[in-house]
Structure formats: C-alpha cells, structure tokens
Amino acid sequence: MSQAETSTEQGEAAGAATEAAPPSEKSPVPAAPAALTPEAPAALTPEAPAAPAPEAQSPAPPAPREAADPGAGFAATAPAPATRAPRAAWSLGLFRSELVTVFRRARTMALLGVLAGVPLLVGIAIRIETRDGSSVGGSDGGGPAFLEQVSNNGLFLAFASLAATLPFFLPMAIGVVGGDAIAGEAATGTLRYLLVAPAGRTRLLLAKYASVLVFCAAATVTVVLSAVIVGFSLFPVGGVTLLSGNTVSLTNGILRGLLIALLVAASLIGLAALGLFISTLTDSGIGAMAATVGLLITVQIVNSIPQLHALQPYLFPHYWLSFADVMRAPVIWDGILKNLALQAVYAAVFGSAAWARFTTRDITA
C-alpha cells in the first residue's frame, strides 16, 4: 500500500469518528447558564414521569345537614340554655353595676343623710314642745294629724315623718337621682362606653329605671328607720291608737307601718319614670335634675290651687297622702288604689316615652 492511500484511509476514519461523536464533544465551548438560555422545546426535553392530576373538577361530597345547619332537623326543637344564661347573667351584672354607681356617689349619700335627719329634727321639736305635758298644735287633719299622736306613741313619728317628707324631700331626692340617670352619664362622657358593651339601649334603660326604683325604696326605708329609732328613744311605745279611734297592738301597728312604707315607695314610681324621661332629653345632668325638681314644684303648686280641682286628680302627687287611710279601721282602699293606678299610668306613659327617645337618639357623649 502506498503512502497516499494510507493517509487517505486515515482521513476518512477521522471524519467518521467525528460524525459519530456526541454534540458535546464537537464543541469545546461551555454551555450557557440556564437562566440565560431560552427554554428548550418540550419535544427536545426528556419526558418526565407524569404526576397524577389533582381532582379539582370533582366536587366535594356535601356535608351532613346537621353539621352545616345546627338548627335543622331535630336540633331546631332543642333548647339553647347556653345563649340565654349569659344574657341573664349580663343583665344582673348590669343592674348590679348601676346600683353600685348610684349608691357610690357622694350626692346620693348626702340625700339619704338629709332624709334621715328630718325625723330627728321633727322628734326633737315635738319633744321640746311637749316636755311640759302640752299637746302639739297646728295639725288640721290629713297627714300632719300624726303629729298629735307622736308624744303618746313613738311609732307615730314614722308616719309623721313620711307625711312631712313626701310632699317635697322624698320627691326631690328621687328627681335628682332619676334626672341624673342618663343625662349624668352623657355629661361625664361615659354613656357611649356603656353602649359599646353588648348591653343594648333597652336593657341599659331598664337597669337605670330599676336602680332608681331601688333608690325610692331605700329613701323610704331610711326615713322609716330613722323615725323608729328616734321615736322609740324619745317617746313611749305601746298600743297604737288609729285615726278612727280604735286601738290595736304594737305588732299590728308595725305591720301597718310596713304597709305604709311600701305604699309611699310605690307612690314615687311615676315621678321616677318622669325624671328618667327628662334625663333622655338632654346631655346635661344638672339641667335634667333641675327640670325634674322644677316640674315637681310646679305640679305641687297646681295641686294646691282649689280653682284647678278638675285637673288635680290626674296629677301624680294628688293621692300621695292616701297612705293615712291605712291607719283607720277598716282600711279605706279607695284613695290608695287610685294612687297606685295613677302611678302605674305615669310609669307606663313616661317609661315608653323614655324608651322611644333613648333608642332613637344619637349618642354623642
């Protein structure tokens, strides 16, 4: 074989080896980074194992009806004590909070102190006037007639004190507390914070009114207890001579006294509703208290003018002194029942007006 043929065969073998080599061996240039190279066509990439397709198209099985709607099926008839018990507890807590607020104020304690001082002053005055054995003068029937019996029986000081405080002192105290119930909270800027809690305006208004009624009872009890302590200390105690001339035992007299205290407290519920209504009309606590007391004085003046006798039976203080009929035998219930009915009407009318006003007004303070 010649040298030319040998070199020709070597060149053909080298060309065949070059064509059989992989592409990476053809070019020594390194591959560009993956981020800089265009995405390879899907036909040139090796086929990866296919992942199972999620079942996105298939809808989830429907949940059981009892789980989706707790109120469906037989669960609709089941009681729900878990939702009512907290509401009752919250209402009681709100009422207790209002009571603490009312009786924690220095103004309330001052009013109770003044009411407790009235029987003391009346008892001392009667004791001084009757120390020489003379009787109390100036009583012309009705409530003040109890003054004639105080020197003979100290229990009558309780009746005389209620008759002395009911026309002005007791109503004034109720007017101050009732007028300050809503307006006082608005004046101090705490009314909005009270409504932030899930109390509701109706429930808050009821708690306010209930606390005022409790103060009515507390004020009446304060007068009675002070009068009993002073009367039993300064005057003799024994059988009770009624206004009709009958004499009953001391126990019977005490029971009649408790009934009188209850009637006096009930005589103030109409004024309490009226004061609460006035309190919803303004954001000034002092203005609400002054308006309630001023209205009380005006009504008392109108009730004492004989020319206005046709209007007087509809005024809330007209039957206040009817509690004196309890000290008769038998008890005369006509005036007492009229008084209770009139107070219920005032409570319903002005309580509804207070609710309508308070639940629709804009609370800005």
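Annotations for the structure displayed:
- Environment charge of Leu281, counting only residues whose C-beta is closer than 11 Å and scoring Lys/Arg +1, Asp/Glu -1: +1
- Rounded FRET efficiency, nearest 0.05, which uses the C-beta distance separating Thr188 from Thr360 and R0 of 22 Å: 0.50
- Once both labels are positioned 7 Å from their Cα atoms along Cα-to-Cβ, the gap between Ala290 and Ala217 label points is 3.4 nm.
- Each residue was assigned an accessible area with a 1.4 Å probe, and for Ile305 the value is about 60 Å².
- Largest-first principal axis extents, alpha carbons of the stretch 204-243, Å: 47, 22, 10
- Each principal axis of the Cα atoms in the stretch 166-293 has its own extent, and those three values, largest first, are 57, 28, 26 angstrom.
- Each semi-axis of the equivalent ellipsoid for the stretch 242-365 is √(5λ) with λ an eigenvalue of the Cα gyration tensor; in descending order they amount to 34, 17, 12 Å.
The values are calculated or read from the model by the stated rules, or taken from the named source; none is laboratory data. Keep in mind the model is a prediction, meaning the values are calculated, not measured. Methodologically, a virtual Cβ is constructed for each residue, glycine included, from the backbone with ideal geometry; neighbour enumeration extends over all protein chains shown. Ligands, DNA and RNA are excluded from the accessible area calculation, which covers all protein heavy atoms including side chains. Shrake-Rupley method; radii C 1.70, N 1.55, O 1.52, S 1.80 Å.
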